[in-house]
Amino acid sequence: MVRSTRVVTAIVLARALGPVDLGIAATAITCFELVRILANNGLGQMVIRAEPEQLDAICNTAWSLIWKICFGMTALQLAAGLIITHMTGRAELMPMIACLAAVYLTMPPGMVQGWLLQREQRMGMISGIYASQVVADNFLAILLAVTGFGAWAIVLPKLLTAPVWLLGVRLARPWHRNDAAGQLPPRAMWTYSAPILASEILVAVRSNADKMLVAAMLGLEALGVYYFAYSAGYGLSIGLTGALTAASFPHLAATRSPAELLERFDRALRRLALPISGLILLQSLAIFFYVPLLFGEKWLPYAPVVAVLCMSAATKSCSDLAAQLLRAAGMPGMELRASIIFTAVLLGAFAVALPFGLMIGVIVIAVVSITLQAAFAFWARAKVKALAQVTALIQVTALFRVAGVIDDPPRSVSLEASV
């Protein structure tokens, strides 16, 4: 549903707006997406993974923290809007960025409820709420675009449809604070969630800093072309990988055994991630046919840009699933280290390639992304496989010790060392 309505929206926007309007909207949306990533701070993963006896305390703590985080996000985006408006000289950007900042104030009353829905693996309900919001956003964008709202047609629906999500999660999963359960020390929450937040920030940097580089090095018109390529190709593809991520983490986190976790990962890789990669490759081949047909002949010269950018997402489903594997295994720090390397290499290569033209830059992004994402998936699986092997050795050693086959190690020797 979301993909089909987004295709229609992209068609209307491409015909109703020019590259400059798309570039202005892309600047405001990029600021919004970069700040919004602070909401993906790992608190939700703690709620999803929580042991039953700690769930109420974790929910209480997460509820308190998310209010502070969202107020901070609002202030941060307003400050960023002032800086961006000054740098670009586009006065119309500030009201757009301020409008998007108001979205953060609708988030705290429903975040815990949304996380509990994921914990309970009620994916049908979650997808229904999400689809309702995005479909409403898409149709509003179409309506505003054809009535002459320009760049506001992309920005304003984000705020107008935010209550759809909020009402949906609150009705689907009622939740009230259990004050008797108390709260966990915030430091205990951040120990697990801080690496996840850092990884998500780096994902947002990779997803949005490329647009900033295009605007800074090639101008707003080139940014409009790049934003069109993102929306018409890559943006349609990563919706599938996003759905895979949302569904996979609760499923992976439901087990505490590294061996079973690895088995679930392999099954999800075969049944979901690899087929999605195949669909993305097919889409990149079809772009030369559907871009002029759906978006108009004026966009045909940019079809190669759309196709190559779309192809860069071919291995993203495998990489995203591997990230969820590390989080479910309690190893978010390893994901963070890999993400730092990925971000530095990708953006560095893009910055070096852009002066030679947008097409060269997009080719470099595709090659680097596919290579690093595939390597990360193999590396993450190897790490969890090693964890499963060590866990099995420890369990066998403990059984032998109980049976009296081997002696207990001295107090100064750890169990891992004895193994």
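Within the stretch 240-263, the set of residues being more than 21 Å from the chain's Cα centre (by Cα) and not aliphatic (A, V, I, L, M) comprises Thr255, Arg256, Ser257, Pro258, Glu260, Glu263. Within the stretch 368-388, if we keep just the residues that are free of Cβ contacts under 8 Å to residues at least 24 places away in the same chain and not hydroxyl-bearing (Ser, Thr, Tyr), the residue that is surrounded by the most Cβ atoms within 10 Å (Cβ to Cβ) turns out to be Val368. Looking only at the stretch 3-56, residues that are small (Gly, Ala, Ser), over 30 Å from Gly89 (Cα atoms) and crowded, with 18+ Cβ neighbours inside 10 Å come to 3 in all. Phe356 meets each of the listed conditions (1) over 30 Å from Gly44 (Cα atoms); (2) aromatic (Phe, Trp, Tyr); (3) touching a residue at least 60 places away in the same chain (Cβ under 8 Å) apart from (3). Considering every residue within the stretch 189-208, establish whether at least one is aromatic (Phe, Trp, Tyr) and either at pLDDT 85 or above or closer than 22 Å to Thr9 by Cβ (or both). Within the stretch 189-208, not a single residue is aromatic (Phe, Trp, Tyr) and either at pLDDT 85 or above or closer than 22 Å to Thr9 by Cβ (or both). Checking Gly110, Gly150 one by one, the residue that is surrounded by 20 or more Cβ atoms within 10 Å (Cβ to Cβ) and either touching a Leu at 6+ places or on another chain (Cβ under 9 Å) or closer than 15 Å to Ile24 by Cα (or both) is Gly110 and no other. Meeting the requirement of 3 or more residues that are within 30 Å of Val362 (Cα to Cα), the helices (runs of 4 or more DSSP H) wholly within the stretch 173-286 are 186-218, 220-229, 235-253. Put simply, of Ala323, Ala313, Ala307, Ala338 the only residue that is part of a loop (DSSP other than H, G, I, E, B) and crowded, with 18+ Cβ neighbours inside 10 Å is Ala313.
Listed residues Ile370, Ile365; which is under 25 Å from the mean Cα position of the chain (by Cα) and under 30 Å from Arg264 (Cβ atoms)?
Ile370
Listed by position, the helices (runs of 4 or more DSSP H) contained in the stretch 33-130 that have at least 2 residues being within 29 Å of Glu335 (Cα to Cα) are 43-49, 55-88, 108-119. Using the structure shown, decide if Gly89 is crowded, with 22+ Cβ neighbours inside 10 Å, more than 30 Å from Leu293 (Cβ to Cβ) and small (Gly, Ala, Ser). So Gly89 does not fit the description; no.
The values are calculated or read from the model by the stated rules, or taken from the named source; none is laboratory data. Computed from a predicted structure; not experimentally measured. No Cβ is skipped: glycine too gets one built from the backbone with ideal geometry, and neighbour counts run over all protein chains shown.
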